[in-house]
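Engineer: For reference, the structure I am asking about is given below.
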Amino acid sequence: TVREVMSKPIITLGIETSCDETAAAVYHSERGILSNAIFSQTELHKLFGGVVPELASRSQLEKITPIVQAGLQAANIDLDMVDVVAVTNK
């Protein structure tokens, strides 16, 4: 029922890939932030004087799976325990 769902803690997986970083965090509605895993490309882009979109997108494709796995592992949860996935958009 709706009442049962509303009383259950919600686990959210947040994924951020908007620019030169790739990150995943797990948030528990009662316990707060359980993990925050991040891979930054800052050093790579310094060589070019700013973000190179093609390099950024390729790196994000390479790093997204390991970063999400690291976030889930640090939170000590499995993907099937996640209720909501929130992602960057544009």
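Engineer: With θ set to phi - 60°, apply the Karplus curve 6.51 cos²θ - 1.76 cosθ + 1.60 along region 31-46 and write out the HN-Hα couplings as whole Hz, x wherever there is a Gly or Pro.
Structural biologist: Going residue by residue, I get 9, x, 6, 9, 7, 8, 10, 9, 10, 9, 9, 3, 5, 4, 6, 4 Hz, with x marking Gly and Pro.
Engineer: Now, a different point. For a quick check: with amide H placed at 1.01 Å from N, whose amide H comes under 5 Å from Leu34's, ignoring anything fewer than 5 positions away on the same chain?
Structural biologist: Val26, Tyr27, His28
Engineer: Quick one: pull the percent of accessible area on region 44-87 belonging to carbon and sulfur, 1.4 Å probe, ligands and nucleic acids left out. Mind dumping the intermediate values first?
Structural biologist: Numbers: 1800 of 3100 Å².
Ligands and nucleic acids excluded, carbon and sulfur reach 58 percent.
Engineer: What does the charge dipole of the chain about its Cα centre add up to, to the nearest 20 debye, if the Cβ of each Lys and Arg holds +1 and the Cβ of each Asp and Glu holds -1? Write out the running numbers ahead of the final one.
Structural biologist: Numbers: 7 positive and 11 negative charges, 26 e Å.
Magnitude of the dipole: close to 120 debye.
Engineer: Output the Kirkwood hydrodynamic radius of region 8-52, Cα pairs only, in Å rounded to one decimal.
Structural biologist: Values: mean 1/r = 0.0831 Å⁻¹.
Its Kirkwood hydrodynamic radius stands at 12.0 Å.
Engineer: Going Cα to Cα from Lys90, which lysines come in below 26 Å? Please leave out same-chain ones fewer than 8 positions away.
Structural biologist: In chain and number order, the partners are Lys46, Lys63.
Engineer: More than 22 Å apart: what percent of Cα pairs in the chain qualify?
Structural biologist: Working: 1421 of 4005 pairs.
Summing the P(r) of the chain above 22 Å gives 35 percent of all pairs.
Engineer: Okay, next question. Along region 66-76, what does the Karplus equation 6.51 cos²θ - 1.76 cosθ + 1.60 (θ = phi - 60°) give for ³J(HN,Hα), rounded to whole Hz, x for Gly and Pro?
Structural biologist: x, 5, 4, 4, 5, x, 5, 5, 5, 7, 6
Engineer: A follow-up question, please. Could you state the accessible area per residue of region 46-90 in Å², with a 1.4 Å probe and every protein chain left in place?
Structural biologist: Numbers: 3420 Å² over 45 residues.
Ligands and nucleic acids excluded, the figure is 76 Å² per residue.
Engineer: By average Cβ neighbour count within 10 Å, what is the ranking of 46-58, 75-87 from highest down?
Structural biologist: Working: 46-58: 10.9, 75-87: 12.5.
Packing order, densest peptide first, comes out as 75-87, 46-58.
The values are calculated or read from the model by the stated rules, or taken from the named source; none is laboratory data. Since we're looking at a predicted model, the values are computed, not measured. As a convention, Cβ positions derive from the backbone with ideal geometry for all residues, glycine included, and neighbour counts pool all protein chains shown. Only protein heavy atoms, including side chains, enter the accessible area calculation; ligands, DNA and RNA are left aside. Shrake-Rupley method; radii C 1.70, N 1.55, O 1.52, S 1.80 Å.
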